[in-house]
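Working notes, structure below.
The values are calculated or read from the model by the stated rules, or taken from the named source; none is laboratory data. Bear in mind the structure is a predicted one, so any value in this text is a computation, not a measurement. Cβ placement follows ideal geometry from the backbone for every residue including glycine, while neighbour counts extend to all protein chains displayed. The area values use the complete protein model at the heavy-atom level, side chains included, leaving out ligands, DNA and RNA. Shrake-Rupley method; radii C 1.70, N 1.55, O 1.52, S 1.80 Å.
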Amino acid sequence: MSNLEIFFSEIHKSKKSLKTTPKKILEKCGVGRRGWRVIGKVNDLLVKYELTASPDFRSAYIGGIIEIAPIPKLGAKQSKEKLHSDDPIPKLSILKAANINNIKDEPGVGLISVNRDTPLIEAITLMIKHNFSQLPILSGKKEVDGIISWRSIGIALSLEKECIKVIDCKEDVTSLSLNEPLFKAVKVILEKEVVLVYEKDKTICGIVTATDIGEHFISLSEPYLLLEQIENHIRKILADKLIPKDVTGLLDLEKELTDLSELTFGQYVRIIENPKIFDKLKIKVDRVILTKMLNETCTIRNEVMHFNPDPVQDFDIETLRQTLNFLNVIATAS
């Protein structure tokens, strides 16, 4: 029985809910990211032990709190599987900024807000201290009065308003559900520049800006851009020195090869690791070291192409950058 299965079985036996994070569940699986196999395994075990995860394991922020709880008694027409539909659509909940009040085991002070009677000078001081462009104005955990921002302050002063309290220079703000589809939310965030995020019970749990969206998509797109450049370099190195008949006997191909660009990245690695073919490339580097780098890159590439909901881990990004830099040097020298 795996560590994860033991964990779920204990919750099932206790009949009490337990709060954890997707990150801790991944640790019990011995992995660092939520691949489709891991998501399937977690959902299968939730069904097996009659448990539910809220928010959903796939869509929750990796360091945010999720609650694992025994499922309620099912009606005659219900099935356990329906409680784990594993919606493939990414939600706003995947963003760290949307979960500021739900992040566990990470440094931070939670959602910083002011109320309508907060002195303006206090709000300005908080914004400068935390390098914020805006602060939510809340009357409680669930009641939103708007936001105060450098823009709203500037507009109020330009209109010669008397700004003593934050309510004197507030602006309206849009609120979105934590369960809002991410790409639908992005359009709103880019238009409004900032939105507040609320949980199922309407409690405000985060604030997402256009900058947060940009950073998220950069983290997701960088590995694709690095891999594209790496693959283009490899393809050029091979195309300059080889023709299809040079490698046909080495590879198990289902159809006749007409151009090296038709090969997969893994097949490129097989070509380069062959000593006789490597000699034809006339690259003055160690073949074993280069092959090891490309095998590591191939492994990362396979993970990336499975479209995991989590960004590629930092050490994998560094591996890709290192490989690309190595190939850039070879291209410059040749």
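Just to be sure, is Lys170 open to solvent by 40 Å² or more (accessible area, probe 1.4 Å), touching a strand residue (DSSP E or B) at 6+ places or on another chain (Cβ under 6 Å) and within 22 Å of Val197 (Cα to Cα)? Against the criterion (open to solvent by 40 Å² or more (accessible area, probe 1.4 Å), touching a strand residue (DSSP E or B) at 6+ places or on another chain (Cβ under 6 Å) and within 22 Å of Val197 (Cα to Cα)), Lys170 qualifies.
Being among the hydroxyl-bearing types (Ser, Thr, Tyr), open to solvent by less than 60 Å² (accessible area, probe 1.4 Å) and either over 27 Å from Glu50 (Cα atoms) or at pLDDT below 85 (or both) is a property that does not hold for Ser85. Scanning the stretch 114-133 for residues that are modelled with pLDDT of 95 or more and open to solvent by less than 60 Å² (accessible area, probe 1.4 Å) turns up Val114, Thr118, Pro119, Leu120, Ala123, Ile124, Leu126, Met127.
Reported count of residues in the stretch 8-24, each being under 26 Å from Arg301 (Cβ atoms) and either more than 16 Å from the chain's Cα centre (by Cα) or open to solvent by 70 Å² or more (accessible area, probe 1.4 Å) (or both), is 1.
Considering only the stretch 114-227, give the helices (runs of 4 or more DSSP H) lying wholly within it that have at least 2 residues that are within 19 Å of the chain's Cα centre (by Cα) and touching a residue at least 12 places away in the same chain (Cβ under 8 Å). If you could, list the steps in order and put the result at the bottom.
Details: elements: 120-130, 150-158, 182-192.
So the answer is 182-192.
Kindly establish whether Asn3 is open to solvent by 80 Å² or more (accessible area, probe 1.4 Å) and among the polar types (S, T, N, Q). Steps first, please.
Numbers: open to solvent by 80 Å² or more (accessible area, probe 1.4 Å): yes; among the polar types (S, T, N, Q): yes.
Taking the combined requirement at face value, the residue satisfies it.
This table checks each residue for (1) surrounded by fewer than 14 Cβ atoms within 10 Å (Cβ to Cβ); (2) on the phi < 0 side of the Ramachandran plot.
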position	(1), (2)
Lys245	yes, yes
Phe265	no, yes
Tyr268	no, yes
Phe278	no, yes
Ile283	no, yes
Val288	yes, yes
Lys292	yes, yes
Phe307	yes, no
Asp314	yes, yes
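Taking the stretch 25-55 as the range and being closer than 21 Å to Lys91 by Cβ, small (Gly, Ala, Ser) and open to solvent by 40 Å² or more (accessible area, probe 1.4 Å) as the test, only Ser54 passes.
State whether the residues of the stretch 33-48 include one that is assigned to a loop (DSSP other than H, G, I, E, B), modelled with pLDDT of 85 or more and under 16 Å from Asn179 (Cβ atoms).
Filtering the stretch 33-48 for residues assigned to a loop (DSSP other than H, G, I, E, B) gives 33-35.
Next, only the ones that are modelled with pLDDT of 85 or more stay: 33-34.
Still in the running and under 16 Å from Asn179 (Cβ atoms): none.
Taking every residue of the stretch 33-48 in turn, none turns out to be assigned to a loop (DSSP other than H, G, I, E, B), modelled with pLDDT of 85 or more and under 16 Å from Asn179 (Cβ atoms).
For Asn101, the criteria (1) touching a residue at least 40 places away in the same chain (Cβ under 8 Å); (2) part of a loop (DSSP other than H, G, I, E, B) hold in every case but one, which is (2). The number of residues in the stretch 8-24 that are touching a strand residue (DSSP E or B) at 6+ places or on another chain (Cβ under 8 Å), over 18 Å from Pro72 (Cβ atoms) and part of a helix (DSSP H, G or I) comes to 1.
Would you pick out the residues in the stretch 294-305 that are at pLDDT 90 or above and open to solvent by 80 Å² or more (accessible area, probe 1.4 Å)? Outline the logic, then answer.
Of all residues in the stretch 294-305, those at pLDDT 90 or above come to 294-301.
Listed by number, the list holds a single entry, Thr299.
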